[in-house]
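See below for the structure under consideration.
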Amino acid sequence: MAETEFNRDAAGLRVSLISRITDNYNPSVSPESNGLLWGANANGSFMLSGEGIDTQFSYSAQRFQAKEQGEPLTGDQTYDQYRLELATRLYLQRNVHWTLALNNDVEDQELGTGLSSIRSHAVLSPDTRKNQQINSQLMVGNERGKVEGHVSISKVRYDSANDYVAFFERDERVVKLSAQLQFHEDLYAESILSWREDDFVNPLRSDMRSYEWLLGSRWQLSGKSGLRGLAGQYRVSLDDGYQQTGLSWLAEYDYHLSENWYVAARSSKNTVVGENEESDVSVRTSYNIRTAYNLSERWQIEISWQQEKTDYTLGEQHELLHGKKGLAVLNYEFDTNNQISLSVEHFQTERRATLPVFDQSTLEIKWRHEF
């Protein structure tokens, strides 16, 4: 449930041309199926401001063509994705504003990603995920102390020839309350309380309700570094009577070694709606580290590493899914409106018991122009 960002300086149109090579076109079929993907993306936003009100329309559209190299096992594919958002923010008082946002997301998930990422059988056609969402947020306060309330209602549906997608269609409701209080110039206390309900369309899946609370602090250690740490508990209840309680946390650290060098680390543990339809409860633990360095005014390099562990509860048994992702990006800015980037990514998924190991590397080049 990401907060809508209002940006008066955002470009009305950004266009990207993308080309990608992968050594694992469809991990569910063959680990040696090379592929080539190419496509374009267009996105932007427009904002209107009046007395005490801002209205913003944002959009994004993307199309990829994918072609399998060598002897085709899956066949060529087309992947489309678009997103529309209409948001309004009312400034009720000096330190009070209310935001309402309507979102519509449609995404063709590439083979080997999304729901198809952990299938133990061959998946020959992509899944199309559709998400319609209403978000409402009320913020009261300022940097010294504030309270925020979020309400989100979502409708998640799939369009696919694959039977398993029927187990993941659901109606989702989320309520989140967060508070922040400044104790010292550089020290803040934070608390987060959230409630979530997932009503699955398929009667074979139990509806799920989860609660989570986190309590901690955010500390600006110096002008160059900051630390945020929260810990608490989650509780999941299913309609069939099953309950599970466990530890949850959120930790973040960032450090500016110099004007040109930045390092950030993040770790979290929380419940998710996992990709396994047989799972009663899915708990995900993630670790991420990222660094960015400006080689010059035009050249930048970014490197990141992410590791995730998803614990699927299957009745009285547990099954673990491990995911690792490494990414390196080299950016070059011709000017403020034109940028080209070269990225290398390696993704690996390991799961005990029945599912195979996915091991995928990609090389991508992207040119972006901002109008």
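Here is how the numbers come out for the structure above:
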read-out: Positive minus negative residues near residue 79 (Lys, Arg vs Asp, Glu; Cβ under 10 Å); value: -3
read-out: Near-label residues of the stretch 303-340 by backbone N, under 15 Å of a point 7 Å along Cα→Cβ of residue 257; value: 303-305
read-out: Sites residue 32 and residue 144 - FRET efficiency at Förster radius 56 Å, r taken between beta-carbons, to 0.05; value: 0.45
read-out: Proximal charge balance of residue 185 [Cβ under 14 Å; K/R count +1, D/E count -1]; value: 0
read-out: Cleavage-rule hits, chymotrypsin sites (Phe, Trp or Tyr not before Pro), the stretch 288-334, DSSP coil, Cβ neighbours within 10 Å at most 10; value: none
read-out: Mean separation of Cα contacts under 8 Å, 6 or more apart, over the residue count of the stretch 265-345: relative contact order %; value: 23 percent
read-out: Sorted largest first, extent of the chain alpha carbons per principal axis (Å); value: 63, 59, 40
read-out: Nearest-0.05 FRET efficiency for residue 333 and residue 95, computed from C-beta distance (R0 41 Å); value: 0.65
read-out: Where labels lie 7 Å past Cα in the beta-carbon direction, separation of residue 247 and residue 185 in nm; value: 3.5 nm
read-out: Extension gain (nm, one decimal) between residue 134 and residue 325, 0.36 nm per residue minus Cα-Cα; value: 65.6 nm
read-out: Calculated FRET value between residue 278 and residue 155, using beta carbons and R₀ = 25 Å, to 0.05; value: 0.60
read-out: The chain, relative contact order in percent, only Cα pairs under 8 angstrom and at least six apart counted; value: 11 percent
read-out: For the stretch 102-132 and the stretch 304-335, distance of Cα centres in Å; value: 17 Å
read-out: Among 27, 126, 203, residue whose mean-square fluctuation peaks in a GNM of the chain (springs only between Cα atoms under 10 Å); value: 203
read-out: Potential extension, residue 15-residue 204 segment - 0.36 nm per residue separation minus Cα distance; value: 63.7 nm
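Readers should treat all values here as calculations from the given coordinates under stated rules, not as data from a laboratory. Quantities reported herein were computed from a predicted structural model and do not represent experimental measurements. No Cβ is skipped: glycine too gets one built from the backbone with ideal geometry, and neighbour counts run over all protein chains shown.
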